[in-house]
1. List the helices (runs of 4 or more DSSP H) inside the stretch 183-301, counting only whole elements, that have at least 2 residues being free of Cβ contacts under 8 Å to residues at least 40 places away in the same chain and either touching a Gly at 6+ places or on another chain (Cβ under 9 Å) or within 19 Å of TYR21 (Cβ to Cβ) (or both).
2. I need the full set of residues from the stretch 105-157 which are surrounded by fewer than 21 Cβ atoms within 10 Å (Cβ to Cβ) and on the phi > 0 side of the Ramachandran plot, in order please.
3. Hey, can you tell me all the residues within the stretch 158-175 that are buried (at least 18 other Cβ atoms within 10 Å of the Cβ) and not hydrophobic (A, V, I, L, M, F, W, C)?
4. Considering the stretch 326-378 alone, what residues qualify as being part of a loop (DSSP other than H, G, I, E, B) and in contact (Cβ under 8 Å) with a residue 12 or more places away in the chain?
5. Looking only at the stretch 19-61, which residues are in a loop (DSSP other than H, G, I, E, B) and more than 16 Å from the ligand (Cβ to nearest atom)?
6. Just the residues that are over 22 Å from the mean Cα position of the chain (by Cα) and either farther than 15 Å from ALA52 by Cα or assigned to a helix (DSSP H, G or I) (or both), please, taken from the stretch 76-102.
7. Out of the residues in the stretch 1-18 that are in a loop (DSSP other than H, G, I, E, B) and crowded, with 20+ Cβ neighbours inside 10 Å, state the one that is farthest from the ligand (Cβ to nearest atom).
8. Name the residues in the stretch 62-75 that are in a helix (DSSP H, G or I) and either closer than 16 Å to GLU36 by Cα or aliphatic (A, V, I, L, M) (or both), would you?
Amino acid sequence: MQNRPTSAYIHIPFCTQICYYCDFSKVFIKNQPVDEYLKALMEEVRHYELPALKTLYIGGGTPSALSAEQLGYLLTNLGNELDFSQLEEFTIEANPGDLTADKIAVLKKSACNRISLGVQTFDNKMLKRIGRSHNESQIYETIDSLKAAGFHNISIDLIYALPGQTMDQVVDNVAKALALDIPHLSLYSLILENHTVFMNRQKRGRLYLPGEDVESEMFDYILSELEKHSFEHYEISNFTKPGFESRHNLMYWDNAEYYGLGAGASGYLNGMRYRNRGPIQHYLKSVREKGHSRLHEEYLTPNEQMEEEMFLGLRKKTGVSIARFEEKFGLSFQDRYGQIVQGLKEEGLLQQEGDRIRMTKKGLFLGDTVAERFILEE
Ligand code: SF4
């Protein structure tokens, strides 16, 4: 029997605000059938008969948009349905300002041991400009309350290269992030996505983004400043103090399989990538009728699996192991990718150290555009 995945992602698609840059699967929470959704989620959990999990990640949307009762319902039922005896990491995403004392108490009673906060920036004006509803002081209050409750494995997300953002503002944001004294930081450059307020503004010529040279300067600054403060740059956008890497996210970059539950969630099971129905009513109906809500199901060819292995693996600082690749796919790495690797080495984007192929600093900045070179025309 095939080994079953030991990781699961659960999607909570509700938000109390809709941010101007966001293209995630989510809806405004008001008047949504949230209780019914949580019941359906539990049905879906039962349908898949999940084995003992090593990592569990509740993301969104905004899980902290749930009320304390709803959060309690979700976490208690997950605790009853799932085997947490092997659990290493259980993350929940939250927005600063959402985590009231009663919600933190609910988290504390559960198996959750890692909190990922959507800070984005400490700059109050910028927060408004990107459509967020929290402010700087709420960031500090939330982190203080979490620490007081005993949560120390805390991560924050920050976005840089925001509209109108200057290098000085990035310097200020990084300093404030470091002052929080938490062990993990994720920093993303703003990406314009279709069907967002920002993309509309861009199309009308009304969005002023920093140029690529400024963005690259910001990236360089972030890298050197965080390294100076003993953070390891272990993935394109992620930085950690020793031992606090996100195990769940490493599972994605290792190209492992996982269960994806909830409206609009993606999963990867038995060689099949799938995506669940997104609109809440469609999701509810599908779970009622079939126990799951998979819509797009795609079995990957060996070629696609190899591309993903490279595409995802190269995101990590440790890169891709040639021996592991050859063992997994039963062919010569040199025959398959030798030429591409050579070309990228000559451009200063990749380097080889023993058995491992990995990105240089320049390669990491360009990120996915380097990884895309491993997608071969058949
Ligand atoms: S960024 Fe997060 S909080 Fe904002 S709309 Fe998207 S999912 Fe919701």
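1. Passing ranges, in order: 197-203.
2. Across the stretch 105-157, the qualifying residues are GLY131, GLY150.
3. Of the residues in the stretch 158-175, the ones buried (at least 18 other Cβ atoms within 10 Å of the Cβ) are 158-163, 165, 169-170, 173-174.
Correct list: TYR160, PRO163, GLN165, GLN169, ASN173.
4. First, pick out the residues of the stretch 326-378 that are part of a loop (DSSP other than H, G, I, E, B): 330-332, 347-349, 354-355, 360, 367, 375-378.
Correct list: GLY348, LEU349, ASP355, THR360, GLY367, ILE375, LEU376, GLU378.
5. As a first pass, look at the stretch 19-61 and keep what is in a loop (DSSP other than H, G, I, E, B): 19-26, 29-33, 49-54, 61.
Residues satisfying the conditions are ASN31, PRO33, GLU49, LEU50, PRO51, ALA52, LEU53, LYS54.
6. THR76, ASN77, GLY79, ASN80, GLU81, THR100, ALA101, ASP102, listed by residue number.
7. Taking the stretch 1-18 and keeping what is in a loop (DSSP other than H, G, I, E, B), we get 1-6, 13, 16-18.
If we keep only those that are crowded, with 20+ Cβ neighbours inside 10 Å as well, we get 5-6, 13.
Numbers: PRO5: 24, THR6: 26, PRO13: 8 Å.
Across the stretch 1-18, the extreme among qualifying residues is THR6.
8. Correct list: PRO63, ALA65, ALA68, GLU69, GLN70, LEU71, GLY72, TYR73, LEU74, LEU75.
The values are calculated or read from the model by the stated rules, or taken from the named source; none is laboratory data. Note that this is a predicted model, so its numbers are computed, not measured. All Cβ positions, even for glycine, are placed from backbone atoms using ideal geometry, and neighbour counts span all protein chains on display.
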